[in-house]
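Derivation of every value follows stated rules applied to the coordinates shown; laboratory data play no part. These numbers come from a predicted model, not from an experiment. For neighbour counting, all protein chains shown are included, and Cβ atoms are generated from backbone atoms with ideal geometry for every residue, glycine included.
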Amino acid sequence: MKVRFLIPAFAAFAFAASAAEPIEIFNGKDLTGWEGNKELWSVIDGAITGITPPDPANPEKGIIKHNTFLVWKGGEVSDFELTFQYKIVKGNSGVQYRSKELEAGEFGPILSGYQADFEAGTKYSGILYEEKGRGILALRGETTVIKPAADGGKKPVIEKAGLVGDSDAIQAAIKSEDWNEYKIVAKGNHVQHFINGLQTVDVTDEDTANAPKAGLLGLQIHQGPPMMVQFKDFKMISLK
């Protein structure tokens, strides 16, 4: 009897260990496995780097006229945990997940879906935003429950269910123009973001008709001022 119980237990453990093996999404050397505008994206000092040059006609603005993305082509993501390091100088950026690719624009791929937002400013880092979708689903520090629109449309009802932390305290822990750690945890309809170990949002998306279940992973360059954003030290594991 003991042998019969031990073998399934060992097999289950082996499967769990295998499922938790990190999935390589960046080789640390070049953009193999990624697609985007290579005039904007490159690898510098072992980090994926997006740079928006200034517009010669208006140096305070970048040359791009729409948000664009570097898209990981290794498959779709659904239930996963992803940690990475980021650094941003000016502007806004983020990591898209469970996203879909729309028609490309003049400056490269365009994605729609969940975004783990961050910026060089002081308000939006850590929020859950749905790019080209339902907009802001949780501000920094919030626990929210997303309900279907009361009128059957696409604008959801966002119920604030509590707080996971103080927005100002989270911002104070973010290092300006330096490396920070971001973590995304997505499991079913439950999504969590963390920056430098502090939870920034906790979202339960009950808007079933519109909630992304699976899709692409991508990195954003946002239209606006000339900017630079860098990503490195990716570690992704499947939670399925």
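A few points about this structure:
- Ranking of Thr52, Thr200 by neighbouring Cβ atoms within 10 Å, starting from the fewest: Thr52, Thr200.
- Gaussian network model of the chain, springs between alpha carbon atoms under 10 Å - residue of Ala120, Ala138, Ala57 with greatest fluctuation: Ala57
- Gyration tensor (alpha-carbon) shape descriptor, segment 87-229, a/c threshold 1.5: oblate
- Hydrodynamic radius of segment 136-193 per Kirkwood, over alpha carbon pairs, in Å: 13.5
- Legend: ranking of residues His66, His193 from fewest to most surrounding C-beta atoms inside 10 Å; resulting order His66, His193.
- Residue exposure sequence - Thr204, Thr49, Thr32, Thr122 - by fewest surrounding Cβ within 10 Å: Thr32, Thr122, Thr204, Thr49
- Against the chain, whose longest principal axis comes from its Cα atoms, helix 2-19 is set at around 0 degrees.
- Estimated [θ] at 222 nm from DSSP helical runs (n ≥ 4, -39500 (n - 2.57)) normalised by residues in the chain, nearest 500: -3000 deg cm²/dmol
- Charge dipole magnitude, Cβ of K and R +1, D and E -1 - segment 25-238, Cα centre, debye nearest 20: 120
- Positive-end residue of His66, Asn92, Gly165, charge dipole of segment 25-238 with Cβ unit charges: His66
- Among the listed pairs Lys147/Lys235; Lys61/Lys232; Lys123/Lys155, those beyond 29 Å (Cα-Cα): Lys147/Lys235
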